[in-house]
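The values are calculated or read from the model by the stated rules, or taken from the named source; none is laboratory data. Bear in mind the structure is a predicted one, so any value in this text is a computation, not a measurement. Positions of Cβ are backbone-derived with ideal geometry, glycine not excepted, and every protein chain shown enters the neighbour counts. For the accessible areas, the whole protein counts, side chains as well, though only heavy atoms, and no ligand, DNA or RNA atoms are used. Shrake-Rupley method; radii C 1.70, N 1.55, O 1.52, S 1.80 Å.
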Amino acid sequence: MSDLDALDHSSHVRRAIDLAREAGDRGDGPYGSLLVRDGEVVMEETNRENTDDDIALHPELTLARRAAREFSPAERAETVMYTSTEPCPMCAGGIAIAGLGGVVYSVSAKRLGEEFGGPNGVPCGEIFERRGREIPVVGDVLADEGMALHREFR
C-alpha cells in the first residue's frame, strides 16, 4: 500500500457519509463504506441490518467479503476502505482476513461511545494487530460531519 497519509481522503469519506445517510433514511443504522483502488471507487455498500434482517450486514464486512471473493490478494492489498464510522471488531476482523491495504474513517468508536453512552469499542488497529496484520488506519476525517449524521438518526 502506498503511503495512506499522503492521500486526499475528504471526497471518499464524504461519499461514505452520503452512503450512511442512505442507510439511515431507509431505516438501517447510518453506516456506509466504499473501497478505493488507484483513486477509483471499486465498490460501495450501506448498512443493511434491518432491511435484510441480518445483524452481520455491516457495510465494512460486506465489502471485505466481496473483495476477498472478487480481487486477488495483491489487488486487495492496494485497496483502501473508506467508512463513515470506525469498523467494529467484527468488521475489522473481516478486513484483516481479506488483507485490505488501509482503512480511513470519519467517526471513531470511542467518540460514538462517549457521545451516546455506549461502549468505547476496540480500535480497529488493535484488531488488525491481533490478527497479525499491518493495516494503516487514518481516523477523524470529517469527524464533525460524521457525528452530525449519527446525531440525526439517534
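For the set ILE135, ILE97, the ranking by accessible area, highest first and with no ligand, DNA or RNA atoms included, is ILE97, ILE135 under a 1.4 Å probe. Think of it as helices only: each DSSP H run of n ≥ 4 in the chain is worth -39500 (n - 2.57), and spread over all residues that comes to -13000 deg cm²/dmol at 222 nm. Among DSSP beta bridges lying fully in the chain, give the percent that are antiparallel, nearest 5. Of those bridges, close to 60 percent are antiparallel.
Label zone of ASP38 (point 7 Å out along Cα→Cβ, amide N under 18 Å): in the range 101-124 this covers 101-102.
Here SER106 sits with roughly 0 square angstrom of accessible surface, probe radius 1.4 Å.
Measuring between their Cα centroids, the range 96-154 and the range 20-75 lie 15 Å from each other.
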